[in-house]
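Here the structure is laid out as structure tokens; the discussion comes afterwards.
The values are calculated or read from the model by the stated rules, or taken from the named source; none is laboratory data. Please read all numbers here as calculations on a predicted model, not as lab measurements. Methodologically, a virtual Cβ is constructed for each residue, glycine included, from the backbone with ideal geometry; neighbour enumeration extends over all protein chains shown. The protein model used for the area step is the full one, side chains on, heavy atoms only, and it has no ligands, DNA or RNA in it. Shrake-Rupley method; radii C 1.70, N 1.55, O 1.52, S 1.80 Å.
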Amino acid sequence: MATDTKEIKQLALLERPAGQLLNDFGAGKASPGSGSAAALMGLLAVKLLVTVCDKSATKPECKKNERVLTYIKEQVQLIEPRLIELFEKDANEFDQVVALRISRDKAESPQEKAKFSRQSQDLLEVATDNAFQIVEQCMKLVDHGVVVFESGWQSVRGDSGAALSAAIAGVMSGIFIANLNIKTLKDRKYAAENLGRCKVLYDELAAKQEKAFSCVTSLNAEAIEAIQ
């Protein structure tokens, strides 16, 4: 039986059918938006890493790496609830930011406009902190992804490679969001305090990407050797 539209609206975003959630992202509304999308990429990485760890646990050739893979599975499962929380939190809070901006634009008195502007910027700082936290969690997943790619069952390296790619995308998306929000908050102390943070995170991502690219290069070399 089809899910009632009213019922879908009452569900938490991640409890909605996949098709409905994708349509929500493409509906042109503020929520869910880019912050939730970044968290979703991290959640996809989590699920793929768990799959590779579970598959590898059944293979004799991966027995030597059992402890490290078990540890990584435990760590990514600790990251998952935090990303779920950030997914929903970002969607709710940025929705409020947009509502406050609409109220600001409709306000007639300068005092009202200033009040709504201040409130929206206060909440935008919170939304930017969400983005930074998503980046932090996805950075961990990038590291775990490299290890799982190298230590997990070789036949499912498509999954571990996809996990690694999703985690990197989560980090990059979060950095994009943080920079954009800081630009909007340019007149606030928060912007000056966090601008350098974006640069540090970008440099850290670049170093991690180099390791990820080495995984692609090694697999490509194996493919060439197999064909030859």
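Here are the numbers:
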{"quantity": "Verdict on Leu48 being in contact (Cβ under 8 Å) with a residue 40 or more places away in the chain, open to solvent by 20 Å² or more (accessible area, probe 1.4 Å), within 19 Å of Val146 (Cβ to Cβ) and of a type outside the set (Lys, Arg)", "calculated": "yes"}
{"quantity": "Segments classed as helices (runs of 4 or more DSSP H), wholly inside segment 11-119, with at least 2 members that are in contact with a Lys or Arg (Cβ under 8 Å, 6 or more places away or on another chain)", "calculated": "34-57, 66-106"}
{"quantity": "Of all residues in segment 5-28 being open to solvent by 60 Å² or more (accessible area, probe 1.4 Å) and of a type in the set (Asp, Glu), the one that is modelled with the lowest pLDDT", "calculated": "Glu7"}
{"quantity": "Any pair with Cβ under 6 angstrom, 6 or more apart, that starts in segment 150-176 at a residue that is under 18 Å from Ala57 (Cα atoms) and in contact (Cβ under 8 Å) with a residue 12 or more places away in the chain and ends at one that is polar (S, T, N, Q) and open to solvent by less than 20 Å² (accessible area, probe 1.4 Å)", "calculated": "Gly152/Ser56; Gly152/Ser160; Trp153/Ser56"}
{"quantity": "Hits in segment 164-201 - residues which are of a type in the set (Ser, Thr, Tyr) and over 30 Å from Val52 (Cα atoms)", "calculated": "Thr184, Tyr190"}
{"quantity": "Per-region count, segment 48-87, residues closer than 30 Å to Gly33 by Cβ and among the hydroxyl-bearing types (Ser, Thr, Tyr)", "calculated": "1"}
{"quantity": "Residues satisfying the stated conditions in segment 205-218, i.e. of a type in the set (D, E, K, R) and either modelled with pLDDT of 95 or more or over 17 Å from the mean Cα position of the chain (by Cα) (or both)", "calculated": "Glu210, Lys211"}
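Residues checked against (1) among the basic types (Lys, Arg); (2) over 30 Å from Leu219 (Cβ atoms); (3) modelled with pLDDT under 95; (4) open to solvent by less than 20 Å² (accessible area, probe 1.4 Å):
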| site | (1), (2), (3), (4) |
| --- | --- |
| Glu61 | no, no, yes, no |
| Tyr71 | no, no, no, no |
| Leu86 | no, yes, no, yes |
| Leu100 | no, yes, yes, no |
| Ser109 | no, yes, yes, no |
| Ala114 | no, yes, yes, no |
| Asp129 | no, yes, no, no |
| Val142 | no, no, no, yes |
| Arg157 | yes, no, yes, no |
